[in-house]
Amino acid sequence: MKSKILILALLSGFIFSVAAQEYAPQIGYSNETGYRTNFKKNGAGDNWFIGAAGAMSVLFGDQNGEADFKDRLNANPQLSIGKWFNPYFAMRVQFSGGILHGFEGDNAQFMQHNRFVSGHLDFMYDVTNHWGRYNANRVFRFIPWIGLGYSQRFESQGIPRAESPSLNTGILTMFRLSKRVDFTLELQGFLLNEQYNRVEMGKLSDGIAQLSAGLSFNLGKTDFEVIEPMDYALLNDLNNRINALRAENEQLSRRPVSCPECPQVVPPTTVNKFGENVVRFRINSSKIENNQEVNIYNTAQFIKEHNVRIKVVGYADKNTSTSQYNMALSERRAKAVAKELTDKYGIPSSQIVIEWKGSDVQPYSVNDWNRVVIMSAD
């Protein structure tokens, strides 16, 4: 009965420790791909960025293709401001402007020197942090985007101004220089209405292409905190086990204290069997959590009291990563537990047998339970 009370107390303590902490934070990186990871929402002033760049632009439309390419090039400044809402989604506003060369005439002999300004709201998608593991220190990031905007060419040379809504799209690449600064290289295009070039040729649209290079400055908190939610399936199972133990303890408490007519049982002088003791791990982790220390301590005490060998076997769940990777992960887990038994509790390595079975062997029917090391008497 005492053993059942002890088990009940340990399970209850584990439940309360999990319930008291909604998530275990990891700042700046994730163990899984971004789309499978939950991130803590940052403050309103965090993860903002301001970009400044120089761009070369070219106007497409009507007779422009007849002109020399070097005459069509324009140098323009570019300014951006935006915010990352999580590691793979952001919104920004970008402005550019300056001189834009247009041409007219059958041989593009007449050049238009026009000033223009353009602004657009963009929705940005960081492919590297969505399909790969989130890493705040990642050197290279690949970010396609799409947006809507407005562009205007001002009156010039007696030709009235022209304006157009725009459909904008592009690819932004970022190279990390430091926590606060990234180098950016961006290619983008503007789709405009046919009158933007001020020469109507019956074509569907005009357009602008830009290639820019510059710097992006990160403001506020620059990284994200990973949330590892509670394992509710495990929590419910532990609650059910606690309730079953409570019912069994209630039945045991109703039995008489003494039973003269019952045969006397002589306790064994040696321990023949040691019930399995487990150490649970988080996804893709071989770090021993604080709430698992009691299981290692109990195993160490058992070894010292009965002078037996213990088998330490590592496992990994089959729904995460490859069989080859999981084999290496289960090895790290088993060796981490064995090292703690030796280094922290003074158990001789000769009394520990270490094995690892990856995800090819699943000791439990519930997938998440198999992120474990099982300790048993050898």
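What follows is calculated from the coordinates using simple rules that are stated; it is not laboratory data. Keep in mind it's a predicted model, so treat the numbers as computed, not measured. So basically every Cβ, Gly included, is an ideal-geometry build from the backbone, and we count neighbours across all protein chains shown.
A compact table of results
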{"read-out": "Whole-angstrom gap from the range 85-104 to the range 281-305, using each part's C-alpha centre", "value": "55 Å"}
{"read-out": "Residues Ile81 and Phe154, FRET efficiency given R0 of 30 Å [Cβ-Cβ distance, rounded to 0.05]", "value": "0.80"}
{"read-out": "Unsatisfied cross-links (Cα-Cα over 32 Å) in the set Lys41/Lys311; Lys40/Lys339; Lys83/Lys287; Lys179/Lys287; Lys179/Lys335; Lys70/Lys179", "value": "Lys41/Lys311; Lys40/Lys339; Lys83/Lys287; Lys179/Lys335; Lys70/Lys179"}
{"read-out": "Tensor-based shape of the range 335-378 (alpha-carbon gyration tensor, a/c under 1.5 rounded, otherwise prolate or oblate)", "value": "prolate"}
{"read-out": "Gain upon complete extension [Tyr35, Asn367; 0.36 nm per residue less C-alpha separation]", "value": "117.5 nm"}
{"read-out": "Length added when fully stretched, Asn284-Met56, from 0.36 nm per residue minus Cα-Cα", "value": "77.5 nm"}
{"read-out": "Inter-label distance for Ser323 and Phe123, nm, one decimal - labels placed 7 Å from Cα along Cα-to-Cβ", "value": "4.2 nm"}
